[in-house]
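As structure tokens, the structure follows; a few thoughts come after it.
Since every read-out is calculated from the coordinates, none of them should be taken as a lab result. Note that the coordinates shown come from a computational prediction; the quantities given were computed from them, not determined experimentally. For neighbour counting, all protein chains shown are included, and Cβ atoms are generated from backbone atoms with ideal geometry for every residue, glycine included.
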Amino acid sequence: MISFVKGKAADMTETSVILENHGIGYEIFMTGNDLSRIHMGEEYKIHTYFQVREDAMVLFGFLQKDDLSMFRLLLGVNGIGPKGALGVLSGLSADELRFAILADDAKTVSKAPGIGKKTAQKLILELRDKLSLEEAFEQKLSHETAGIVVSSDGMTDAKREAVEALTALGYSSTEAYAAVRSVAGVDLENVEEILKAALKNF
């Protein structure tokens, strides 16, 4: 099993990068988003999934380990292979996919290349119980600023609690997240104030 490959980007195609490691070039198939962040001659650590078939051995890779984890979950869905899973993550980020699954949002999932409405519904049905809202936010949180835990798009701990409260009231994860994320002009450490402002956004 090849868990990751670390080396310099030596060449690229539209769908893959050639990573040179100790004189060996590994072709790794990646999403368009990840490929756009690769620059020739620079060193990268790419987390990989090694597929062995009768006619080929193929490496699929991601710059973020979290994306690889979501890729593996997608492979567990009946009818979705590595190329299909890569296609899903090319159209949706791991975070977007998590929230769409938790919100039973088949419309968003079906926007991914090669995923129709029926496949999206099956994907949600099979993966919904393997994810949690708490886990989704833990993945989204990225750094601490002035003692407040903040995600890359401004989600504080208090905002996260507000989203959980809204979902408990019956709103979908996607609706709650969108309403809370757009809150401004209130104390972002006060859950009650955030909730009041978020409810006005519905």
Kindly write out, for segment 82-89 in residue order, the coupling ³J(HN,Hα) from the Karplus curve 6.51 cos²θ - 1.76 cosθ + 1.60 (θ = phi - 60°), rounded to whole Hz, with x marking Gly and Pro.
x, 5, x, 5, 5, x, 4, 6
Along each principal axis, Cα extent of segment 29-117, largest first, Å:
41, 32, 18
As a test, work out the antiparallel percent of DSSP beta bridges whose residues both lie in the chain, rounded to the nearest 5.
95 percent
Using the C-alpha gyration tensor of the chain, what are the square roots of 5 times its eigenvalues, in whole angstrom, with the largest one first?
35, 21, 12
Given Cβ charges of +1 for Lys and Arg and -1 for Asp and Glu, the option among Ile115, Ala10, Gly170 whose Cα lies farthest towards the positive end of the dipole of the chain is Ile115
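Determine the dipole magnitude for the chain: charges of +1 sit on the beta-carbon of Lys and Arg, -1 on that of Asp and Glu, nothing else is charged, the reference point is the Cα centre, and the result goes in debye to the nearest 20. Numbers along the way, then the final one.
Working: 22 positive and 30 negative charges, 130 e Å.
Roughly 620 debye, rounded to the nearest 20.
So for the chain, averaging the separation of alpha carbon pairs under 8 Å that are six or more residues apart and normalising by length, what relative contact order in percent results?
Numbers: 306 pairs, mean separation 23.7, N = 202.
Relative contact order comes out at 12 percent.
Given axes a ≥ b ≥ c from the Cα gyration tensor, I'd like to know whether segment 81-131 is rounded (a/c under 1.5), prolate (a/b larger than b/c) or oblate. List each step's numbers first, then the result.
Numbers: a/c = 1.43, a/b = 1.30, b/c = 1.10.
Cα axes put segment 81-131 in the rounded bin.
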Given R₀ = 41 Å, what would the calculated FRET efficiency be for Asn21 paired with Lys107, taking r from the Cβ atoms and rounding to 0.05?
0.50
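What relative contact order, as a whole-number percentage, does segment 65-130 give when Cα pairs under 8 Å and 6 or more residues apart are counted?
Details: 63 pairs, mean separation 21.0, N = 66.
This gives 32 percent for segment 65-130.
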With the dipole of the chain worked out from charges on the C-beta (+1 for Lys and Arg, -1 for Asp and Glu) around the Cα centre, which of Ala94, Tyr49, Gly84 lies farthest toward the positive end?
Gly84
Using Cα springs under 10 Å in a Gaussian network model of the chain, which residue among Asp55, Asp105, Asp157 shows the largest mean-square fluctuation?
Asp55
What range in the chain is the longest one free of GluC sites (Glu not before Pro) that are in a loop by DSSP and have at most 13 other Cβ atoms within 10 angstrom?
55-188
Looking only at segment 82-104, which residues have a backbone nitrogen under 19 Å from a spot 7 Å from the Cα of Gln121 in the C-beta direction?
100-104
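To the nearest 0.05, what FRET efficiency results for Thr13 and Lys45 with a Förster distance of 22 Å applied to their C-beta separation? The partial results should precede the final answer.
Values: r = 20 Å, r/R0 = 0.92.
That pair, Thr13 with Lys45, gives E of 0.65.
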Contour minus Cα-Cα distance for Val52 and Ser93 (0.36 nm per residue)
12.2 nm
So the angle from the long Cα axis of helix 65-75 to the longest Cα principal axis of the chain, reported in degrees to the nearest 10, equals 80 degrees
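Sort Thr15, Thr108, Thr48 by Cβ crowding within 10 Å, fewest neighbours at the top.
Working: Thr15 15, Thr108 18, Thr48 23.
Arranged by neighbour count, lowest to highest, Thr15, Thr108, Thr48 become Thr15, Thr108, Thr48.
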Karplus-derived 3J(HN,Hα), 6.51/-1.76/1.60, for each residue of segment 24-32, Hz, glycine and proline x:
10, x, 9, 8, 10, 7, 9, 6, x
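Only sites in a loop by DSSP and with at most 11 other Cβ atoms within 10 Å count here; which trypsin sites (Lys or Arg not before Pro) in segment 52-114 make the cut? Write out the running numbers ahead of the final one.
Working: sites: Arg53, Lys65, Arg72, Lys83, Arg98, Lys107, Lys111; in loops: Arg53, Lys111.
Qualifying residues, ordered by number: Arg53.
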Could you work out [θ]222 nm for the chain from helices alone, using -39500 (n - 2.57) per DSSP H run of at least four and dividing by all its residues? Round to the nearest 500 deg cm²/dmol.
-12000 deg cm²/dmol
